[in-house]
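Q: Below is the structure I would like to discuss, written out as structure tokens.
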Amino acid sequence: MKIGFIGLGNMGAPMARNLLAAGHVVTGFDPAASPKGIPMAASASAAASGADVVITMLPNGDILKSVAQDIHPHMPPRTVHLDCSTVDVESARAVAQAATEAGLSAVDAPVSGGVGGATLGTLTFMAGGPEAAFEAVLPLLGVMGQRAVFCGAAGNGQAAKICNNMILGITMIGTCEAFALADKLGLDRQAMFDVVSTSSGSSWSMNSYCPAPGIGPESPADNGYRPGFAADLMLKDLRLAQAAAAAADADTPLGQHAQDLYARFVEEEDGAGRDFSAMLPRFEKRGRGD
Ligand code: NAD
């Protein structure tokens, strides 16, 4: 396929490289990056014109909406705008509406898997939009990832992503505070892991991404809490979840609390640039009054 790829940062560049390696014709655009080996156009609209599919991988919903406004008039009729960024549900739905009005289709397909998954082509996509458009881009999702789940109407990919990451933020905090409590009660961390990972307190945070160094499978905790999945990105996703919850009048007290804790960690403490599991050393050094 002929693909326009807009936004070639940490995630977009390796995704575009995998599409090129699979034999697709890719033309990229990014105002601030010119990654090696990816043919570039001089503007977003030039990258989009004549493309069968335009993929965007951008920082936020406002930038996505402004790029969509630029590119939609240049995309051939009935082609697909595939957005893989993590953005707010409302922006995703606004872009889908704009695409429909321009005679195009939009699919929101945010990813889980991070830079490692983007490089290896093992991302998971969660997609919203018209099912026919999802089917049309499925071969591309198969190159960039190993799993794609169709979640229904426009915006539902973003909805799935923020619900998943809200659970992840909450369970990571719960796992970290439980380890800090276990330490203070004199319970050995390995014993704690052996019990919880095979009991009803188990979760992905404990079993697959254990925040305690030297315990469980290898994780960022074993690498000085280098991300991995940065606390800053977890904070972004928790804020998107709270914005969506406010708009939908959903009661999400633990999601709110997780957002507040990650905001403090990233903006006032030492969490910026560290993995989101570095909540454990944060709790370790605190008492109830801190
Ligand atoms: P990044 O900041 O490395 O890349 C974003 C790119 O978009 C940058 O190169 C920037 O120059 C470009 N850009 C900004 N404005 C633009 C415009 N108007 N036109 C074209 N390009 C523009 O970010 P990233 O880590 O690649 O993340 C991209 C998206 O993927 C984000 O929405 C992020 O939340 C999501 N995501 C990231 C990860 C991760 O681990 N990095 C994991 C899952 C999802």
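Q: Please note which helices (runs of 4 or more DSSP H) are completely contained in region 1-107 and include at least 1 residues that are near the ligand (Cβ under 9 Å from one of its atoms). Can you show your working first?
A: Numbers: elements: 12-21, 44-48, 61-71, 89-101.
Output list reads 12-21, 44-48, 61-71.
Q: Being crowded, with 16+ Cβ neighbours inside 10 Å, within 14 Å of the ligand (Cβ to nearest atom) and either among the basic types (Lys, Arg) or modelled with pLDDT under 95 (or both) narrows it down to one of PHE276, PHE229, so name that one. Before you say what the answer is, go through the steps one by one.
A: On the way: PHE276 fails: either among the basic types (Lys, Arg) or modelled with pLDDT under 95 (or both).
That would be PHE229, the only listed residue that is crowded, with 16+ Cβ neighbours inside 10 Å, within 14 Å of the ligand (Cβ to nearest atom) and either among the basic types (Lys, Arg) or modelled with pLDDT under 95 (or both).
Q: Just to be sure before I move on: is ALA180 in a helix (DSSP H, G or I) and over 22 Å from GLN259 (Cα atoms) in the structure I sent? Can you show your working first?
A: Numbers: in a helix (DSSP H, G or I): yes; over 22 Å from GLN259 (Cα atoms): no.
Considered against the rule, which asks whether it is in a helix (DSSP H, G or I) and over 22 Å from GLN259 (Cα atoms), ALA180 comes out as no.
Q: Given (1) buried (at least 19 other Cβ atoms within 10 Å of the Cβ); (2) closer than 20 Å to PRO211 by Cα; (3) within 17 Å of the chain's Cα centre (by Cα), where does ALA241 come up short, assuming only one miss?
A: (2)
Q: Additional query: May I ask you to list the residues in region 109-139 that are part of a helix (DSSP H, G or I), buried (at least 23 other Cβ atoms within 10 Å of the Cβ) and within 16 Å of the ligand (Cβ to nearest atom)?
A: ALA118
Q: For residues that are free of Cβ contacts under 8 Å to residues at least 24 places away in the same chain, assigned to a loop (DSSP other than H, G, I, E, B) and not small (Gly, Ala, Ser), tally how many sit in region 194-209.
A: The number of residues fulfilling the criteria is 1.
Q: Going by the conditions given, is LEU254 under 30 Å from ARG93 (Cβ atoms), surrounded by 18 or more Cβ atoms within 10 Å (Cβ to Cβ) and of a type in the set (A, V, I, L, M)?
A: So LEU254 does not fit the description; no.
Quick grid of which residues meet (1) over 24 Å from HIS257 (Cα atoms); (2) out of contact with any Pro (no Cβ under 9 Å at 6 or more places or on another chain):
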| site | (1), (2) |
| --- | --- |
| ASP194 | yes, yes |
| ALA221 | no, no |
| ASP232 | no, yes |
| LEU235 | no, yes |
| LEU238 | no, yes |
| GLN242 | no, yes |
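Q: Looking at the structure I just gave you, is LEU187 away from the ligand (no atom under 16 Å from the Cβ) and hydrophobic (A, V, I, L, M, F, W, C)?
A: Numbers: away from the ligand (no atom under 16 Å from the Cβ): yes; hydrophobic (A, V, I, L, M, F, W, C): yes.
Yes; evaluated as a whole, the condition is true for this residue.
Q: Does region 197-207 contain any residue that is crowded, with 19+ Cβ neighbours inside 10 Å and of a type outside the set (Val, Ile, Thr)? I'd like the intermediate steps shown before the answer.
A: Of the residues in region 197-207, the ones crowded, with 19+ Cβ neighbours inside 10 Å are 205-206.
Filter once more, keeping what is of a type outside the set (Val, Ile, Thr): 205-206.
Yes, that holds for at least one residue.
The values are calculated or read from the model by the stated rules, or taken from the named source; none is laboratory data. The model shown is predicted, which means the values in this text are computed figures rather than measured ones. Methodologically, a virtual Cβ is constructed for each residue, glycine included, from the backbone with ideal geometry; neighbour enumeration extends over all protein chains shown.
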